[in-house]
Amino acid sequence: MSPINHSLQQTRLQETLTNAFERLARIKNQTELEALRAEFIGRQGVLARLMDELKTLSLEEKRVQGPALNELKKTLTEAFTAKEVELLQQLLEQKAARASSFDVTAYRPGSLQGSLHPASHIIEEVENILISMGYEIIDGPEIEREEINFEALNIPKNHPARDLQDTFWLTIPHLLPRTHTSSVQIRGMQQRQPPLALATTGRCYRQEATDASHDFVFMQCEILLVDKKISLANLFATAKLFLQGLFKQEKLELRIRPSYFPFVEPGLEMDMSCPFCSTGCSVCKKSRWIEIGGAGLIHPHVLKASGINPEEYSGFAFGFGLTRLIMLKYGIDDIRHLHSSKVDFLKQF
């Protein structure tokens, strides 16, 4: 090949430098910078092609053009490095500006917000209180065997609770949706050795005419303690401490009334002083007392059915309607709201 004219070579070097700097000034991000760097000083770039053309020059021209090409490469490399530093500094300044002007109270239009169901709020609070009192939270199946749901709880076959008016029965023999969470306590006693401190929350099912205060699906909570020399005094102290913690009322009082439940002896019902008033209100129906639930000392037959010696151990059981408690705590006037999908209702929680 014929030698390249010296002045022509110098003109191409100057044009390359001018073109690179003009395009470099328009670069706005790192991706564009890397593409331009590869175009000019990459292995297949403009500078590499100019270096290849040195082979066609005479020795005298190489002595002139070689250092000129090296100087051009050095100049371009420094320019690209300076631009990279400039882009990085701009990025850091943008991040700092966004951080300094960030408004944590700003509203995002169209953003969706979720919240816990009121039942989840209460269950979490109830379980936290019981765990702090030393109780183990247990769970059990909602489809239960007849002997666990009834017979192990001292409810014989001729008991009214077995009536079709109260209980749903499956087409599979001896299986039913549990009518109370007491069945979970039976399983807990059968699977563990005393001393026991157990609590459970969950859904129950009974044939009820649905209205504002009744439903065929409802929630219960039950507390059970089995140890040596357990008395009603332990039951009253536990129930009072639990309810005071739940309603944040240190002066809350209990009222005890005798009652009958086949799985406890003696059986009783508990009322608590109204946590919402001091002179009577619509919640307590001006009586100053609110019915909470049933309780009592565990019947010896129930202990025997669970493999516990009633001569050595005794215990208490305390159960209440969790759904009723939710309605009381949040002032809900219709039980059907709790399993509805009304967004306006759920938004309140």
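The values are calculated or read from the model by the stated rules, or taken from the named source; none is laboratory data. The structure displayed is predicted, hence computed values, not measured ones. Neighbour counts run over all protein chains shown; Cβ positions are idealised from the backbone, glycine included.
Are any of the residues in segment 204-216 within 16 Å of Leu322 (Cα to Cα), at pLDDT below 90 and among the hydroxyl-bearing types (Ser, Thr, Tyr)? Scanning segment 204-216 turns up at least one residue that is within 16 Å of Leu322 (Cα to Cα), at pLDDT below 90 and among the hydroxyl-bearing types (Ser, Thr, Tyr). Annotation note: of Leu130, Leu116, the sole residue that is assigned to a loop (DSSP other than H, G, I, E, B) and under 30 Å from Ala239 (Cβ atoms) is Leu116.
Only residues that are assigned to a helix (DSSP H, G or I), over 19 Å from Tyr260 (Cβ atoms) and of a type in the set (D, E, K, R) were counted in segment 141-182, giving 2.
Test Gln185 against the stated conditions and say whether it is in contact with a helix residue (DSSP H, G or I) (Cβ under 9 Å, 6 or more places away or on another chain), within 20 Å of Phe320 (Cβ to Cβ) and either part of a loop (DSSP other than H, G, I, E, B) or in contact (Cβ under 8 Å) with a residue 40 or more places away in the chain (or both). Step through it out loud before you land on a result.
Values: in contact with a helix residue (DSSP H, G or I) (Cβ under 9 Å, 6 or more places away or on another chain): yes; within 20 Å of Phe320 (Cβ to Cβ): yes; either part of a loop (DSSP other than H, G, I, E, B) or in contact (Cβ under 8 Å) with a residue 40 or more places away in the chain (or both): yes.
Against the criterion (in contact with a helix residue (DSSP H, G or I) (Cβ under 9 Å, 6 or more places away or on another chain), within 20 Å of Phe320 (Cβ to Cβ) and either part of a loop (DSSP other than H, G, I, E, B) or in contact (Cβ under 8 Å) with a residue 40 or more places away in the chain (or both)), Gln185 qualifies.
Scoring Gln191 on the criteria (1) modelled with pLDDT of 90 or more; (2) in contact with a strand residue (DSSP E or B) (Cβ under 9 Å, 6 or more places away or on another chain) leaves a single failure, condition (2). Residues in segment 247-297 that are in a strand (DSSP E or B) and in contact with a Lys or Arg (Cβ under 8 Å, 6 or more places away or on another chain): 8 in all. Being within 17 Å of Arg324 (Cβ to Cβ) and not acidic (Asp, Glu) holds for only one residue in Phe276, Phe236, Phe263, and it is Phe276. Here Asn309 meets the list (1) in a loop (DSSP other than H, G, I, E, B); (2) in contact (Cβ under 8 Å) with a residue 12 or more places away in the chain; (3) closer than 25 Å to Thr181 by Cβ almost entirely, failing just condition (2). Pairs are defined by a Cβ separation below 6 Å, a sequence spacing of at least 6 or placement on different chains, a first member in segment 243-270 that is over 21 Å from Val126 (Cβ atoms), and a second member that is of a type in the set (Val, Ile, Thr) and assigned to a loop (DSSP other than H, G, I, E, B); the pairs so defined are Pro262/Ile155. Of all the criteria given as (1) at pLDDT below 80; (2) surrounded by 10 or more Cβ atoms within 10 Å (Cβ to Cβ), the one not satisfied by Ser101 is (2).
Criterion applied to Lys73, Lys62, Lys83 was being without any contact (Cβ under 8 Å) to a residue 12 or more places away in the chain, in contact with a Leu (Cβ under 8 Å, 6 or more places away or on another chain), surrounded by 12 or more Cβ atoms within 10 Å (Cβ to Cβ) and in a helix (DSSP H, G or I), and the one residue passing it is Lys62.
Just give me the residues in segment 185-212 being closer than 30 Å to Trp169 by Cα and either within 29 Å of the chain's Cα centre (by Cα) or outside the structural domain of Glu265 (by TED's automatic domain parsing) (or both), in sequence order.
So the first thing to find is which residues in segment 185-212 are closer than 30 Å to Trp169 by Cα, and the list is 185-192, 198-212.
Gln185, Arg187, Gly188, Leu198, Ala199, Thr200, Thr201, Gly202, Arg203, Cys204, Tyr205 - these are the residues of segment 185-212 that are closer than 30 Å to Trp169 by Cα and either within 29 Å of the chain's Cα centre (by Cα) or outside the structural domain of Glu265 (by TED's automatic domain parsing) (or both).
Is it true that His337 is outside any loop (DSSP other than H, G, I, E, B) and in contact (Cβ under 8 Å) with a residue 40 or more places away in the chain?
On the way: outside any loop (DSSP other than H, G, I, E, B): yes; in contact (Cβ under 8 Å) with a residue 40 or more places away in the chain: no.
The answer is no for His337.
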